[in-house]
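Please read the structure below before turning to the comments.
The values are calculated or read from the model by the stated rules, or taken from the named source; none is laboratory data. In this text the structure is predicted, and so the values were computed from the model without any measurement. We place every Cβ from the backbone using ideal geometry, glycine too, and count neighbours over all the protein chains shown. Protein only, heavy atoms only, side chains kept; ligands, DNA and RNA dropped before computing areas. Shrake-Rupley method; radii C 1.70, N 1.55, O 1.52, S 1.80 Å.
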Amino acid sequence: MGNAKLLKLGLPKGSLQEATIDIFKRAGIRVYASERSYFPASDDDELEIMLVRSQEMARYVADGVFDAGLTGHDWITESGVTVQEVCELLYAKTGFRPVRWVLAVPNDSPIKTVKDLEGKRIATELVGFVTKWLKKKGVKAEVEFSWGATEAKAGTLVDAIVELTETGSSLRANKLRIVEELLTSSTRFIANTQAWKDTWKREKMENLAMLLKGAIAAEGLVGLKMNLEQKNLQNLMKLLPALKRPTIAPLSEAGWVAIEVVIEEKLVKRLIPQLKRGGAEGIIEYPLNKVIP
């Protein structure tokens, strides 16, 4: 690699991968990942990217294998390492929504509270966190690592599970009920503590964070432009949602103004006909890639 200035960046392989690549694209960075390769290319020659599992990301960032990475707060907690959190990335399309780790048991299980776990066996991928959690609750139980298909084990191989859920639908499908929520987790952009002290790397990471957050902020928003006679302005202003005061500029034709506003896309289908009836002309709707406050 001819470029002396490189940021080694870990991106999550697996369930978060597609959502991550999509958000990077909207942030202005194209990442090209082939099916089998762990080393995606990108159109930013200052980035050296590798895909690894979210579960392992914090450890690799802490050890300096990566300067920065994206992973869940849950896996940072589980790995117990020290990293610098650059920012939280909350994102609506599946992947970046907050997820919940819950204690679940079969519907017909006698377990009603955490105390009922005394002497019982629990399967989870989040062994370290669950062990500490039980200790805090003063409950002695056996916690075993589950390599997957955790939901199928409840009631047969183990008494309870601690599993990741977004909606709870797959727990219900497996005839399980939630006893308690242990942890809510969202995606974080993290940095190696030494890399964070490096002026160039830190600026590169802060720039990335700004662009990623901008892409997330634009999620579900569109821009609207329109022209309007000045006399209709007051009535039209009542229609526009108060997300942000619209930008109003005079047109070269006397008595006319141009209006520009950012609104939620889901409101557009109701709003455009109302704006048209309210006297708006030349209405243009355009997509937004990023919104930087």
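Worth a mention:
- Scanning region 217-243 for residues that are surrounded by 13 or more Cβ atoms within 10 Å (Cβ to Cβ), out of contact with any helix residue (DSSP H, G or I) (no Cβ under 9 Å at 6 or more places or on another chain) and closer than 21 Å to Pro293 by Cβ yields Ala217, Gly223, Lys225.
- Criterion: open to solvent by 10 Å² or more (accessible area, probe 1.4 Å) and more than 14 Å from Thr193 (Cα to Cα) - qualifying residue of Tyr60, Tyr38: Tyr38
- Restricting Lys137, Lys201 to residues that are over 18 Å from Pro106 (Cα atoms) and without any contact (Cβ under 8 Å) to a residue 60 or more places away in the chain narrows the list to Lys137.
- If the condition is being of a type in the set (A, V, I, L, M, F, W, C) and outside any helix (DSSP H, G or I), then region 269-293 contributes Ala280, Ile283, Ile284, Leu288, Val291, Ile292.
- The lone exception for Asn207 - which of (1) in contact (Cβ under 8 Å) with a residue 24 or more places away in the chain; (2) open to solvent by 60 Å² or more (accessible area, probe 1.4 Å) it fails: (1)
- Test: residue in region 110-126 that is open to solvent by 10 Å² or more (accessible area, probe 1.4 Å), under 30 Å from Leu7 (Cβ atoms), modelled with pLDDT of 90 or more and not β-branched (Val, Ile, Thr): yes
- Filter result for Ser252 (polar (S, T, N, Q), closer than 26 Å to Leu90 by Cα and either in contact (Cβ under 8 Å) with a residue 60 or more places away in the chain or surrounded by fewer than 16 Cβ atoms within 10 Å (Cβ to Cβ) (or both)): no
- Residue-level check: of (1) of a type outside the set (A, V, I, L, M, F, W, C); (2) under 28 Å from Gly214 (Cβ atoms); (3) open to solvent by less than 30 Å² (accessible area, probe 1.4 Å), His73 misses just (3).
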